[in-house]
Amino acid sequence: MKKQLASLNIYSPGKTAEEIRRELNLESEMMKLSSNENVYGPSPAVEQTLQAAIQNIHEYPDAAGSDLKQAISEFYQVPAEAVLLGAGLDEVIQMLSRAILKPGDEIVTSEQTFVQYSHHAVIEDCTIVTAPLVDGKFDLEALADKVNDNTALVWLCNPNNPTGHYFSEEELTLFLNKVGNIPVVLDEAYAEYVTAEDYPHSMKLREQFDNIIILRTFSKAYGLASLRIGYAISSDEWTDLWHRVKLPFNVTTLSLKAAEAALADQAYLQRTVRQNAAERARYYASDFKHHLLPSETNFVFIQTDDVMRLNDYLLRRGIIARPVPGGVRLTIGTADQNDVIIEVLERYFKEEV
């Protein structure tokens, strides 16, 4: 057994809404807003597609995912050969780590970001080098100073999970010019939710920097979290290497077909993004706005010195959030949900004062 596995924690998704409701003896339904799921659900076209696709579930899926790769290729104007499909971005992160990292290598990333980057570095017996976030976003200048001859991989999350803040195209371009040819992963799981005009155009930057690996997912804005499908876009040569560690038939037929349908319905996606942006703005117009880090995602990060007190306060009022160091991450709900949540949070911070 790899001795480093003993230092890893098993991922905990948290208790279900029903478990929490029973434990706290609550009669009302719980609002599960801890996993950054799309509260509006996927395009109606997805259900229609799944009903047709289920007729063939006795057959293995297309191992290459050719139709979906072609759809992604046409949508982003990138070669289909540059696309790697995975069972969610978790598997994509695992494949990249397995293909690139060797024992003794270093990865560079932020102190408070998606845990799977460091998780797989530990599995591959690598050293994790970090820099602190600044106002909830990656400090690219500090990270560039951490890169050295031992750096094998850089992980950037933009916007960052769990804080929600982003770095600009200018900041990213300066960083890429500094770090040379080291593989740099841009995890853009929440990119569809971004409304900031200076957010990086990563697909265009790919034409200038062939060392970037762009991650996107259908789990968030497209609403397909339970079907587990994400993808990476990198150079054709690198993608060929990723496929050498990919398991055969790793993405199901239902997932492939659903993702195609979701990607095709951009009108629905944009409506979802507008709804999320409008509801997000309500949080930043609230009485507790100074407790929030900036966000370009479908969640907000509520800063507090007493994380569990705030988390328990929300739980007892039927709101399931995600407690993390320094605050509570809360998915932005529907308009009706946010009516309740904003009132609860305003009351909490008034009581705290």
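The values are calculated or read from the model by the stated rules, or taken from the named source; none is laboratory data. This is a predicted model, so every value here is computed, not measured. All Cβ positions, even for glycine, are placed from backbone atoms using ideal geometry, and neighbour counts span all protein chains on display. Surface accessibility is based on the protein's heavy atoms, side chains included, excluding ligands, DNA and RNA. Shrake-Rupley method; radii C 1.70, N 1.55, O 1.52, S 1.80 Å.
L50 - would you say it is in contact with a strand residue (DSSP E or B) (Cβ under 6 Å, 6 or more places away or on another chain) and closer than 30 Å to P248 by Cα?
The answer is no for L50.
Among the candidates V115, V129, V108, V147, single out the residue that is in contact with a helix residue (DSSP H, G or I) (Cβ under 9 Å, 6 or more places away or on another chain), within 22 Å of R216 (Cβ to Cβ) and not small (G, A, S).
None of the others qualify; the one that does is V108.
I'd like the residue in the stretch 133-153 that is open to solvent by 70 Å² or more (accessible area, probe 1.4 Å) and without any contact (Cβ under 8 Å) to a residue 24 or more places away in the chain and, out of all such residues, is nearest to the chain's Cα centre (by Cα).
Taking the candidates together, the pick is D145.
Can you say whether A80 is free of Cβ contacts under 8 Å to residues at least 24 places away in the same chain and crowded, with 16+ Cβ neighbours inside 10 Å, as far as the supplied structure shows?
Yes, satisfied.
Mind listing whichever residues of the stretch 192-219 are of a type in the set (A, V, I, L, M, F, W, C) and assigned to a strand (DSSP E or B)? Step through it out loud before you land on a result.
Step one: of the stretch 192-219, the residues of a type in the set (A, V, I, L, M, F, W, C) are 194, 196, 203, 205, 209, 212-215, 218.
Of everything in the stretch 192-219, those that are of a type in the set (A, V, I, L, M, F, W, C) and assigned to a strand (DSSP E or B) turn out to be I212, I213, I214, L215.
Can you tell which of E111, E169 is open to solvent by 10 Å² or more (accessible area, probe 1.4 Å), more than 21 Å from S7 (Cβ to Cβ) and within 21 Å of the chain's Cα centre (by Cα)?
Of E111, E169, the one residue that is open to solvent by 10 Å² or more (accessible area, probe 1.4 Å), more than 21 Å from S7 (Cβ to Cβ) and within 21 Å of the chain's Cα centre (by Cα) is E169.
Could you tell me how many of the residues in the stretch 41-67 are touching a residue at least 24 places away in the same chain (Cβ under 8 Å), open to solvent by 70 Å² or more (accessible area, probe 1.4 Å) and part of a loop (DSSP other than H, G, I, E, B)?
Total meeting the criteria: 4.
Which condition number in (1) touching an Asp or Glu at 6+ places or on another chain (Cβ under 8 Å); (2) surrounded by fewer than 17 Cβ atoms within 10 Å (Cβ to Cβ); (3) in a helix (DSSP H, G or I) is the one that E237 fails?
Of everything listed in (1) touching an Asp or Glu at 6+ places or on another chain (Cβ under 8 Å); (2) surrounded by fewer than 17 Cβ atoms within 10 Å (Cβ to Cβ); (3) in a helix (DSSP H, G or I), E237 misses just condition (1).
Filter the stretch 81-101 down to residues that are touching a strand residue (DSSP E or B) at 6+ places or on another chain (Cβ under 7 Å) and under 18 Å from L153 (Cα atoms), then give me how many there are. Walk me through how you get there before you give the answer.
At the first step, the residues of the stretch 81-101 found to be touching a strand residue (DSSP E or B) at 6+ places or on another chain (Cβ under 7 Å) are 82-86, 88-89, 92, 95-96, 100-101.
Subsequent filtering for residues that are under 18 Å from L153 (Cα atoms) retains 84, 89, 92, 95-96, 100-101.
Final tally of qualifying residues: 7.
Identify all residues within the stretch 296-353 that are without any contact (Cβ under 8 Å) to a residue 12 or more places away in the chain and either touching a Gly at 6+ places or on another chain (Cβ under 8 Å) or among the β-branched types (V, I, T) (or both); write none if there are none.
Once the filter is applied, which keeps residues that are without any contact (Cβ under 8 Å) to a residue 12 or more places away in the chain and either touching a Gly at 6+ places or on another chain (Cβ under 8 Å) or among the β-branched types (V, I, T) (or both), the stretch 296-353 yields only V353.
Kindly indicate whether any position in the stretch 178-187 is in a loop (DSSP other than H, G, I, E, B), open to solvent by less than 10 Å² (accessible area, probe 1.4 Å) and within 17 Å of I233 (Cβ to Cβ).
First, pick out the residues of the stretch 178-187 that are in a loop (DSSP other than H, G, I, E, B): 180-183.
Of the ones still in play, those that are also open to solvent by less than 10 Å² (accessible area, probe 1.4 Å) are none.
Among the residues of the stretch 178-187, not one is in a loop (DSSP other than H, G, I, E, B), open to solvent by less than 10 Å² (accessible area, probe 1.4 Å) and within 17 Å of I233 (Cβ to Cβ), which makes the answer no.
Among L156, L140, which is the only one that is more than 14 Å from F114 (Cβ to Cβ) and not polar (S, T, N, Q)? Reasoning before the result, please.
Values: L156 fails: more than 14 Å from F114 (Cβ to Cβ).
Residue meeting the stated conditions: L140.
Yes/no per residue for (1) among the β-branched types (V, I, T); (2) modelled with pLDDT of 95 or more; (3) under 16 Å from the mean Cα position of the chain (by Cα):
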{"residue": "P159", "(1), (2), (3)": "no, yes, yes"}
{"residue": "H165", "(1), (2), (3)": "no, yes, yes"}
{"residue": "N177", "(1), (2), (3)": "no, yes, no"}
{"residue": "G180", "(1), (2), (3)": "no, no, no"}
{"residue": "P183", "(1), (2), (3)": "no, yes, no"}
{"residue": "S202", "(1), (2), (3)": "no, yes, yes"}
